[in-house]
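Q: The structure follows.
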Amino acid sequence: MNRSSIQTLIIIAMGVMVNSLLLACGSDEGNPNEPPPSSACETGSNPNVTFTAAFTDLEDIQHIEPLGELQVFHNFSAHTYVFIKPEVTEVPIYAPVDMDLVNVTFDGTDYQPMFRASCEVVLRFGHITNPVTAIRDLVVGQGISMFEGQAPTLLSFSAGELIGTTSGTAQAKSFDFGVYHSERSQTFLNNDRFHPVETFRHSTCPYDYFTADLRNQMYDLFGPKPLAQPLNCRGPRGKAGTIAGPWFDTVEVFSTPYHGQTEFSPLLVATTLNGTVKIVRGTEINVYRTLLGAATYADPEGVTTEHCYEVESGGYFYFQLQADGTLRVERETSGTCPSEFPSTGYLTYYR
């Protein structure tokens, strides 16, 4: 074999070695939003996990606001809100399934532990006042990705085991419960607005993982009442061809939004579970409401051209949907709805 042939074989062999290393370590050519293979996870793969224990004492819960309910500063609530009865001081928090603690943070008031039920399924609790000592002792300074890098197991818990107690937030007596699945992506009217945020992209309904009896008990707590409650979490609130759902004040879609929320002054229009129309706008702390039965009430999911809502706090919001899919919005803090949409002074929002 001549020298040229030997050099060629060496180059080929080196190329095979490099390709092997890239496959083993992960190259930069893949989708950065995709989680690593399940084999990289200590907990074990099981995309169809079943939760067999209640996550709290359900008789002490006043109501549950499911996925997608409207909250100030949010375009989409990627977890559920669990409200404790006024007369109950605090409630226990239990592991709903065998699961591993992978992270816990503390914001100076309460704790946010994160657990892995399988390589594909992650649970997160928020506003936990008193986690068990073993969890409190593992507090770190910052959160971590739910799926990227597959964090090592810190502690293991069995289904039904106590992980702490909570009195919820000082304002609302509520705590957060969210479940996320790496292989089930949430669908939005404009995925590019939301999918860069991991919790938005992988959010699922926590109560769909429970056994049938527990799931029904939790659905019965969806509220506030009195309207007929959904049979599952409602998910993203946008409906194509209507004014319902989230809107943004820039046509540009940013690749790294701050939770796709307040940075771009979005607008959110939707109904709550008791039928109230809520309008949430950007960084404003006010939530504007039009009650079911009010003179200007209309379900946003049925508004396909234009509608004006007079809100409880005063004034009105006048929405006009355009043929190009944009939304014009006129807001006045006093007065009543005019007979027609104004020709100037409105803001334009985009999906």
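Q: Please go through segment 190-219 and give me each residue that is at pLDDT below 95, of a type in the set (D, E) and open to solvent by 50 Å² or more (accessible area, probe 1.4 Å), ordered by number.
A: Within segment 190-219, D192 is the sole residue that qualifies.
Q: Considering each residue of segment 130-158, count those that are touching a helix residue (DSSP H, G or I) at 6+ places or on another chain (Cβ under 7 Å) and within 20 Å of P92 (Cα to Cα), and give that number.
A: Here the count works out to 1.
Q: Here's something else I'd like to know. Could you check segment 77-88 and list, in sequence order, the residues that are in contact with a strand residue (DSSP E or B) (Cβ under 9 Å, 6 or more places away or on another chain), surrounded by fewer than 20 Cβ atoms within 10 Å (Cβ to Cβ) and outside any strand (DSSP E or B)?
A: Across segment 77-88, the qualifying residues are K85, P86, V88.
Q: Output the residue which, of all residues in segment 111-159 that are β-branched (V, I, T), assigned to a strand (DSSP E or B) and over 15 Å from F51 (Cα atoms), is modelled with the highest pLDDT.
A: The residue in question is I128.
Q: What are the residue pairs meeting all of these: first residue in segment 91-108, first residue of a type in the set (S, T, Y), second residue at pLDDT below 95 and open to solvent by 20 Å² or more (accessible area, probe 1.4 Å), Cβ atoms under 6 Å, and 6 or more apart or on different chains?
A: T105/G143
Q: Within the bounds of segment 114-134, is there any residue that is free of Cβ contacts under 8 Å to residues at least 24 places away in the same chain and hydrophobic (A, V, I, L, M, F, W, C)?
A: yes
Q: Could you list, in sequence order, the residues of segment 240-255 that are hydrophobic (A, V, I, L, M, F, W, C), outside any loop (DSSP other than H, G, I, E, B) and either under 25 Å from L292 (Cα atoms) or open to solvent by 60 Å² or more (accessible area, probe 1.4 Å) (or both)?
A: Hit for segment 240-255 is W247, nothing else.
Q: Right, next: If I filter segment 102-137 down to residues being of a type in the set (S, T, N, Q) and in contact with a Gly (Cβ under 8 Å, 6 or more places away or on another chain), which single residue comes out as farthest from Q171 (Cα to Cα)?
A: S118
Q: Could I ask something else about it? Evaluate the following for G223: is it within 25 Å of A78 (Cβ to Cβ) and touching a residue at least 24 places away in the same chain (Cβ under 8 Å)?
A: yes
Q: Something else about it: How many of the residues making up segment 39-76 are at pLDDT below 95, open to solvent by 50 Å² or more (accessible area, probe 1.4 Å) and within 21 Å of R234 (Cβ to Cβ)?
A: 1
Q: Among the residues of segment 271-317 satisfying the criterion of being in contact with a helix residue (DSSP H, G or I) (Cβ under 7 Å, 6 or more places away or on another chain) and modelled with pLDDT under 95, which is farthest from T242 (Cα to Cα)?
A: Here the answer is T283.
Q: Within segment 160-189, work out how many residues are over 23 Å from S145 (Cα atoms), open to solvent by 30 Å² or more (accessible area, probe 1.4 Å) and assigned to a loop (DSSP other than H, G, I, E, B).
A: Matching residues across segment 160-189 total 8.
Q: Continuing with this model, one more query. Filter segment 146-189 down to residues that are within 30 Å of P86 (Cβ to Cβ) and small (G, A, S), then give me how many there are.
A: 9
Q: Can I ask one more? So P266 fits all but one of (1) under 27 Å from L231 (Cα atoms); (2) within 27 Å of the chain's Cα centre (by Cα); what number is the exception?
A: (1)
Q: Next question. Looking only at segment 206-220, how many residues end up being over 14 Å from P96 (Cα atoms) and under 19 Å from the mean Cα position of the chain (by Cα)?
A: So the answer is 1.
Q: If you check R215, R237, which single one turns out to be assigned to a loop (DSSP other than H, G, I, E, B) and charged (D, E, K, R)?
A: Step by step, each of R215, R237 is checked, and only R237 is assigned to a loop (DSSP other than H, G, I, E, B) and charged (D, E, K, R).
Q: Sticking with this one: Under 9 Å between Cβ atoms, at least 6 apart or on separate chains: pull out the pairs that start in segment 178-195 with a residue that is farther than 27 Å from H127 by Cβ and end on any residue that is of a type in the set (K, R).
A: These pairs meet every condition: L189/K239; L189/R351; N190/R351; N191/R201.
Q: To continue, here is another question. Every residue in segment 140-151 that is of a type outside the set (F, W, Y) and either out of contact with any strand residue (DSSP E or B) (no Cβ under 9 Å at 6 or more places or on another chain) or closer than 15 Å to D100 by Cα (or both), please.
A: I144, S145, M146, E148, G149, Q150, A151
The values are calculated or read from the model by the stated rules, or taken from the named source; none is laboratory data. Since we're looking at a predicted model, the values are computed, not measured. Using ideal geometry, Cβ is built from the backbone for each residue, glycine included, and neighbour counts are taken over all protein chains shown. Surface areas here come from the heavy atoms of the whole protein model, side chains and all, with no ligands, DNA or RNA. Shrake-Rupley method; radii C 1.70, N 1.55, O 1.52, S 1.80 Å.
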